[in-house]
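Participant: Okay, handing you the structure first.
The values are calculated or read from the model by the stated rules, or taken from the named source; none is laboratory data. These figures come from a predicted structure and were not determined experimentally. Neighbour counts are summed over all protein chains in view; Cβ atoms, including those assigned to glycine, are modelled from backbone coordinates with ideal geometry. The accessibility values were calculated without ligands, DNA or RNA, using every heavy atom of the protein model including side chains. Shrake-Rupley method; radii C 1.70, N 1.55, O 1.52, S 1.80 Å.
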Amino acid sequence: MQNLPAKTGWLWIKEGFALFRKQPAELSTLFLGYMFLMLLLGVIPVVGQLLPLILMPVFSLSFMQASRYIAQGKRVYPNLLLVGWRSPALRSLLLLGVFYAIAAYAAMGLSRLVDGGAFWRVMFQGGLDIQELEGGSMGFGMLVAALVYIPAAMAFWFAAPLMFWQEMPLGKAMFYSFFAVRRSGKAFLVYALSLLQIGVILPAIFGTIVALLFNNTSIIVFILVPLSIILTVVIYCSFYPNYTAVFDQPATDAESTAHEDQAG
């Protein structure tokens with residue numbers, strides 16, 4: 001595990017942009033396929049809200065492996081969405097997803113103690129009380145949820161690729177992930193602020209500008225939706241240089257060989 005300087009956090013974003021520029025259509029197709037599957041899961045009664053969280057570690061490997069192939073000069077195909085499902089670590093990845101869901105629900109549950117359940121209602125019931133928003137209670141609840149979730153996020157961050165590429169058991173992968181993030185805390189702080197900037201602040205500013213220039217909902221959607229997809233995919237691409245900076249390049253695996261055989 002590397003101890004990285006703070007500026008490395010921004011370099012991961014730049015490397016994510018560089019990876020995206022090499023195969024933008026392929027990565028966007030992969031992302032749209034992922035979103036389509038998440039929408040399908042979301043309509044399943046009772047468990048529709050839980051499944052996207054539980055399956056996130058499995059599907060996150062698709063973008064990690066896609067970024068790895070691009071870095072190696074290989075072509076990305078939509079079948080990479082199944083890379084996690086073909087992994088020997090699938091059972092551990094699903095268990096990690098269960099921990100994801102438990103941690104997320106616990107963090108948002110604790111936020112109810114400070115905002116009266118405002119954030120919880122927005123996330124799970126689709127209700128937004130303007131008075132609560134203006135009063136700042138929901139913002140405080142979001143802050144509490146984020147602070148509670150941070151230690152869990154540190155343990156989850158590298159766990160999936162460590163299980164996939166280095167064949168670590170779940171507990172060991174979470175342990176190494178937590179201390180890897182802690183060891184390079186300054187770099188991850190800059191990285192988190194950079195993700196916030198390009199994932200939330202930049203789209204909000206651009207959206208405001210577009211809305212002022214065009215008083216047409218169709219035009220606004222036509223411009224903002226592709227921008228949102230591009231920025232999201234860039235964020236996903238930045239996870240791979242984030243991993244390699246801390247743990248170095250993953251060793252050649254059977255999935256890579258199978259991909260090359262299929263491509264050939």
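Participant: Between K7 and A146, what is the label-point separation in nm under the 7 Å Cα-to-beta-carbon projection?
Facilitator: 2.6
Participant: Give or take rounding to whole Å, what are the principal axis extents of the alpha carbon atoms in the chain, in descending order?
Facilitator: Projected onto its principal axes, the Cα set of the chain covers 57, 44, 44 Å.
Participant: To the nearest µm²/s, what D does Stokes-Einstein give for the range 23-85 at 10 °C and 1.306 mPa s, using the Kirkwood radius over alpha carbon pairs as Rh? Don't skip to the answer; put the middle values down first.
Facilitator: On the way: Rh = 12.2 Å.
This corresponds to a translational diffusion coefficient of 130 µm²/s.
Participant: Just need the relative contact order of the chain here, percent rounded to a whole number, with Cα pairs under 8 Å and 6+ apart.
Facilitator: Working: 299 pairs, mean separation 84.9, N = 264.
Result for the chain is 32 percent.
Participant: Determine the gain in length on full extension of the stretch L32-Q166; use 0.36 nm per residue of separation and subtract their C-alpha separation, reporting nm with one decimal. Write out the running numbers ahead of the final one.
Facilitator: Details: separation 134, 0.36 × 134 = 48.24 nm, distance 2.82 nm.
Residue separation times 0.36 nm, minus the Cα-Cα distance, leaves 45.4 nm.
Participant: With a 1.4 Å probe and all protein chains left in place, how much accessible area per residue does the range 36-188 have, in Å²? Numbers along the way, then the final one.
Facilitator: Numbers: 7760 Å² over 153 residues.
Accessible surface, normalised per residue, equals 51 Å².
Participant: Now for a different question. With helices defined as uninterrupted DSSP H runs, which ones in the chain have an alpha carbon span along their own long axis of at least 24 Å and mean Kyte-Doolittle hydropathy of at least 0.0?
Facilitator: On the way: long enough: 24-42 (27 Å, 1.53); 51-71 (30 Å, 1.26); 90-115 (37 Å, 1.37); 137-157 (28 Å, 1.69); 217-247 (45 Å, 1.84).
Going by DSSP H runs, the hits are 24-42, 51-71, 90-115, 137-157, 217-247.
Participant: Once neighbouring chains are kept in place and the probe is 1.4 Å, which whole percent of the accessible area of the range 1-96 is contributed by carbon and sulfur? Each step should come with its number before you reach the end.
Facilitator: On the way: 3360 of 4840 Å².
Taking all protein chains in place, the range 1-96 shows 69 percent carbon and sulfur surface.
Participant: Can I ask one more? What nm distance separates the two modelled labels at K74 and K22, each placed 7 Å from Cα along Cα→Cβ?
Facilitator: 1.2
Participant: Can you give the FRET efficiency to the nearest 0.05 for F206 and V43, using r as the Cβ-Cβ distance and R₀ = 35 Å?
Facilitator: It comes out at approximately 0.70.
Participant: Could I ask something else about it? Determine the share of the range 160-207's accessible area contributed by carbon and sulfur atoms, expressed in whole percent, with a 1.4 angstrom probe.
Facilitator: Values: 1740 of 2550 Å².
Carbon and sulfur atoms account for 68 percent of the accessible area of the range 160-207.
Participant: So how strong a dipole does the chain carry about its Cα centre when Lys and Arg Cβ are +1 and Asp and Glu Cβ are -1, to the nearest 20 debye? Walk me through the intermediate numbers first.
Facilitator: Numbers: 15 positive and 12 negative charges, 88 e Å.
The calculation lands at about 420 debye.
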